[in-house]
Each structure stands twice: as C-alpha cells, then as structure tokens.
Amino acid sequence: MRKLLLFIAILSPFSLLAQSNNAPSSYDPHEIAITGYLQTQYQRAQSGGISSFSGGDFAKNSKDRFMIRRGRLKIDRADKYSSIVFQIDATQNGVQLMDAFIQLHQPNTKQFLFTAGLFNRPFGHSIVYSSGYRDFPERARVFQTLMPRERDLGAMITFRPDNKAFHFLTAEVAVINGSGHSSRDYDSKKDIVGNLGFKFDSLANGKLHLGFGGSIYKGYVRSNTDTLLRSNGNGFVKDASTSYTDSYAKRDYYGANLQLQYDNPLGSTSFKAEYIGGKQPGVAGSSKLAGPLASQSFSIQPETNLYLREFSGYYLWFSHRIAKTKLTALAAYDVYDPNDQIKENEIGAANSNTTSGDIKFSTLGYGMTYLINGRLKLTLYNEHVVNDKTQLPQYQDDIKDDVFTARLQYRW
C-alpha cells in the first residue's frame, strides 16, 4: 500500500497536467513522449437495441456486448517555445483522430498559450477533463448531446497568471467551426467559447480543494428551409412569415460548475456539479433521430425545419475513496431537458408539433471502482435511465434502457 501511495504521489504533478486534454504530458522540453489508456468493457442493457449514451446505441436484437470503449494513443513533444499534441482513438469501430494541435508560448513562461488545431472546447469542467482520469464511465447526457466528442477545430488563447497571488485563475477564449471534431464546417459563421475558472488546492491545511467557474458559448445553426418552428409554451408554431433559408438561428449556452474535494479520516470525498442552459436549435424527432438526438449539435447541415428550443441540464457527481483502501464508491444524477418550456404530458398533443426531440431524460448512476495498481482500474457501474410519460405512442411509458457496465482500464 505504501509503495502504491508513493507511486501516486510521485506522479501527481504529471497527473494534474494530464487531466486536461488541452495540454501535452509535460511542458518541460522533451522529445517524443507517448502516453495513453485502454478501456475494455462488458455491458448489459435492460432491453435489446436501445439508444444509449453509455458508449453508443446497442445493435438491433442485442442487449449485451463486449467492446473497446476507448483506445487512446497520445504523442506529444515540447520545446522552449512550443508544444504539439497528436492523439488517436482506436476501437472496434476503427481509428479516429481525437486531438491535433500546436501550442505556442513565450520561452520563460506559460502565462499565455495560443492553441491552434483540433482540441477540446473550453467549456466548463467535464468537457476538458480527461476520460482516463474521470471516476464515472461517461460524461452526462446533456454534454454528450450538445458537444458530442467534445472537440472542435479552431484557435484558442489561454491566460494563467504567473503571479502567485492570482495563480488560481484560468481564462480561455476560443473561436471554432461549431460543426464538431470530425466534420468540415458547413456554414460561414464561427462560434465563440469562453471559460473562466478558479481553483484553490490547499485550503483547510491542505485538506480542502475547491474549484468553480462559468462558461459561455455563442454560436449559430444555419437554416436550410423557409420555415422555423418557435415555442409558444404549449408546443411549437410554424413561422413562415418570411423565408428563413440561409438565415441563422442562435445557439447560446451558459454554464456554471463546482468541484469540491475533502480529505478526511474516512478517506477522500469529492463532489462535482455542473449546470448548463440556453438555446439549442434542433429538428423534429423521427425514426432516424429519436429522442435527444433530435436536439443534438449537428456535424452536417440540417436539411429539415429547425426547432428553436430552450433547454436546461445538469449533473451531480459524488465519489468517496473509502479510508485507505483501493475502493471508491460512486453516485451520480444527471438531467437533460431539451425543451423546458413544455410539460412532458403535453408532448405529442394534437397540433402541438412536439416530438420525441422534446422529451426530458434523467439518469441515476451508482457503482464503484477498484484501483488494482497505479495503472490498472476496475469499474462496476449501473445507470437507471428514466423518461416521463408523454402522449407519443412510443413514449407513453418509461423506456427500459438501463445499462450496467463492467470496465477494465489500463493507463500508461
């Protein structure tokens, strides 16, 4: 046990840096460094062929599966003035580019960083926080819907003061395509993301760690049709008073986040919470875009009428490392309401123009992790997913879409 704690303590400065996807393994000048992690898992769903935000949809007629959830290989290099990061994700679905960016800085300081390429959108806490270090198997449904695969192409400026009195502050501003990490931009607008974070690591004699911040996203979605559908409190009304072809609907998010960790005689207790709300242009739910997928952020031009929705979502994550054991207990709750202007029992009503794209989902998760050694971790986790009853034929009752996950992760 002492050897394990010593190993973790030695690695902790590097781990803190590695927890952010928008950074190399170290800013100290070095030649090629190779790091990464592999997550292999077994999952069992409550029903076959369900749509899921726990690693993707299940195949038709299948309710259990083995899969490689993430197979990350990260290559980076740093010198006096710059660094470069290149990361791929290799799974049973093939090999995909995840990160590819260059960072520039002054030779003797990292106070200002300029990042260009493919990187994580600097919004909130969970988007940038590496999946290799996160206690919970997946990000909350709301962030997977609004910012799928977390990345985008663009440029970013980061400010972290060298002055020790203000070292707790991080400010980031990015200009991005808005179409996602693996897509070409499909319009002439660019989106702006801003983040302001505060982090205090040594409160209460070093036992209390506190982080919090706020984020903003200002973007657009191009309309490809003459008609928009606007909310009227009871559903949507069609606005065809003018031609909306080649016009832009606002895509605005506002977020706040909090992280607390308290080291105590019973172990180490962590609590994380994040809220996001705003406007998300989507489309009507259909057999091809069921449920929350109708309100997702698009990687290609939406061809059907845009639905102008106001949404809200949040997650609450609680974890507790039990005393001096290698066990950590996990509990989480998250909610995503793609249309918070209408009650669930009104969805599907005649002439309301509401669809499955307006349904609220909540997820209760619970489980545990076991740190086998400094590199190997076992996670057992169950998610209970609930949707309220609507008037839509397929959603008059709660869908049976719970998912159990058993995951083994190796990080190097």
Report task. Under a 10 Å cutoff between Cα atoms, tell me which one of SER215, SER295, SER182 has the largest fluctuation in the Gaussian network model of the chain. Result -> SER182
Report summary line: If one compares the long axis through the Cα atoms of helix 2-18 with the longest principal axis of the Cα atoms of the chain, the angle in degrees, nearest 10, works out at 50
**Report entry** Cleavage-rule hits (chymotrypsin sites (Phe, Trp or Tyr not before Pro)) in the stretch 157-189: DSSP loop, at most 10 neighbouring Cβ within 10 angstrom
**Finding:** none
Report task. Considering Cα pairs under 8 angstrom that are at least six residues apart, work out the relative contact order of the stretch 171-243 and quote it in whole percent. Result -> 23
**Report entry** Rounded percent of accessible protein surface that carbon and sulfur make up, the stretch 31-94, 1.4 Å probe
**Finding:** 56
Query raised in the report: Accessible area of VAL335, 1.4 Å probe, to the nearest 10 Å²?
Result: 20
Report task. Summarise the accessible area of the stretch 158-212 (1.4 Å probe, protein heavy atoms) by the percent that is carbon and sulfur. Result -> 59
Report summary line: So GLN394 and LEU376, fully extended at 0.36 nm per residue minus their Cα-Cα distance, gain in nm 2.3 nm
Report summary line: On the formula 1/(1 + (r/R0)^6), with r taken between the Cβ atoms of LYS190 and GLU310 and R0 of 30 Å, the FRET efficiency rounded to 0.05 is 0.85
Query raised in the report: If you average the sequence gap of Cα pairs under 8 Å that are 6 or more apart and divide by the length of the chain, what percent do you get for the contact order?
Result: 13
Requested in this report: For volume of the Cα convex hull per residue in Å³, several values are listed as [x] 143; [y] 158; [z] 183; flag the one computed from this structure.
Outcome: [x]
**Report entry** Sulfur and carbon atoms: percent of accessible area, the stretch 285-324 [1.4 Å]
**Finding:** 62
Query - Rounded FRET efficiency, nearest 0.05, which uses the C-beta distance separating ILE102 from LEU364 and R0 of 35 Å - result: 0.25
Report task. Could I have the simple spin-label model distance between ALA240 and LYS80, label points 7 Å from Cα toward Cβ, reported in nm to one decimal? Result -> 6.7
Report task. For LYS189, go through the aspartates and glutamates and keep the ones whose alpha-carbon is under 15 Å away, minus same-chain ones fewer than eight residues off. Result -> ASP152, ASP246, ASP252
Query raised in the report: What size of dipole, in debye to the nearest 20, comes out for the stretch 77-149 about its Cα centre when the only charges are +1 on Lys and Arg C-beta atoms and -1 on Asp and Glu C-beta atoms?
Result: 140
Query raised in the report: Using +1 on the beta carbon of Lys and Arg, -1 on that of Asp and Glu, and nothing else charged, what's the dipole of the stretch 351-401 about the Cα centre, debye to 20?
Result: 340
**Report entry** Per residue value of the accessible surface for the stretch 262-406 (all protein chains in place, 1.4 Å probe), Å²
**Finding:** 45
Query raised in the report: Once fully extended, how much extra length lies between THR40 and PHE198, figured as 0.36 nm per residue of separation less the alpha-carbon to alpha-carbon distance?
Result: 53.5 nm
**Report entry** Accessible-area value, HIS384, 1.4 Å probe, nucleic acids and ligands omitted, Å²
**Finding:** 70
**Report entry** Most to least accessible of TRP412, TRP317 (protein chains only, probe 1.4 Å)
**Finding:** TRP412, TRP317
Query raised in the report: In straight Cα distance, which aspartates and glutamates are under 16 Å from LYS207, not counting same-chain residues fewer than 8 positions off?
Result: ASP263
Query raised in the report: Among all the lysines, which ones have a C-alpha under 18 Å from LYS110's C-alpha, if same-chain residues fewer than 8 places away are not counted?
Result: LYS80, LYS164, LYS199
Query raised in the report: Which one of ASN177, ASN93, ASN305 has the biggest mean-square fluctuation once the chain is modelled by GNM with Cα springs under 10 Å?
Result: ASN93
Query - Alpha-carbon centroids, the stretch 85-117 and the stretch 369-412: separation in whole Å - result: 29
Query raised in the report: Relative to the present Cα-Cα distance, how much length would full extension add between ASP162 and PHE112 at 0.36 nm per residue of separation?
Result: 17.1 nm
**Report entry** Cα centre as origin, Lys/Arg/Asp/Glu Cβ charges: the stretch 239-372 dipole, Debye
**Finding:** 620
**Report entry** Of GLN39, GLN92, GLN19, the one that fluctuates the most in a GNM where the chain has Cα springs shorter than 10 Å
**Finding:** GLN92
Report summary line: Projecting the Cα atoms of GLY374, ILE359, ILE347 onto the charge dipole of the stretch 340-380, where Lys and Arg contribute +1 and Asp and Glu -1 at Cβ, the residue farthest towards the positive end is GLY374
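The values are calculated or read from the model by the stated rules, or taken from the named source; none is laboratory data. Keep in mind that this is a model prediction, so the values were computed, not measured. Glycine gets a Cβ as well: all are built from the backbone with ideal geometry, and neighbour counts include every protein chain shown. When the accessible area is computed, the model is the full protein with side chains, heavy atoms only, and any ligands, DNA or RNA have been set aside. Shrake-Rupley method; radii C 1.70, N 1.55, O 1.52, S 1.80 Å.
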